[in-house]
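Just below is one structure, and these are the notes that go with it.
The values are calculated or read from the model by the stated rules, or taken from the named source; none is laboratory data. Because the structure is a prediction, the values reported are computed rather than measured. Positions of Cβ are generated from backbone atoms using ideal geometry, with glycine treated the same way; all protein chains shown enter the neighbour counts. Just the protein is used for accessible areas: all its heavy atoms, side chains included, with ligands, DNA and RNA removed. Shrake-Rupley method; radii C 1.70, N 1.55, O 1.52, S 1.80 Å.
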Amino acid sequence: FMLLFLLKDWSQITTWASGHVGLPSEVGRSILDGTVSAFRGYATGLTIIGAANAAVVAIGAVVLGVPLVGTIALVSFVTSYVPYLGAFVAGAFAVLIAYGSGGL
């Protein structure tokens, strides 16, 4: 729901925010643009690393003969966005699937 407002009213939101940071509007706009650019770069980096991590986990699961490789890779990718705990959750999920299938 929030994404709809961000996509629809992005220019209005940024114009308002840049005018209310306590600095001249041009400086506020520059700071806001830099912040958005940094966050987009961070999110892009997380996505690339998450995809690479999911691919490595999927290859390892295939080599070990674990079922539900696609599901394990998807969980690994999605949890890569959660700092620290995401890797533990994805690893625990893969181990439980492997144990449940009678594997190592």
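Results for (1) open to solvent by 30 Å² or more (accessible area, probe 1.4 Å); (2) at pLDDT 90 or above, shown as yes or no for each residue.
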| site | (1), (2) |
| --- | --- |
| ALA58 | no, yes |
| VAL66 | no, no |
| ILE72 | no, yes |
| PHE77 | yes, yes |
| TYR81 | yes, yes |
| ALA90 | no, yes |
| LEU96 | yes, yes |
| GLY100 | yes, no |
Response to the item:
Within region 46-70, residues over 17 Å from the mean Cα position of the chain (by Cα) and in contact (Cβ under 8 Å) with a residue 12 or more places away in the chain come out as ALA58, ALA61, LEU64, GLY65, VAL66, PRO67, LEU68, GLY70
Discussion item. Every residue in region 31-45 that is open to solvent by 70 Å² or more (accessible area, probe 1.4 Å) and either within 22 Å of PHE93 (Cβ to Cβ) or within 18 Å of the chain's Cα centre (by Cα) (or both), please.
Written reply: THR35, SER37, PHE39, ARG40, TYR42, THR44
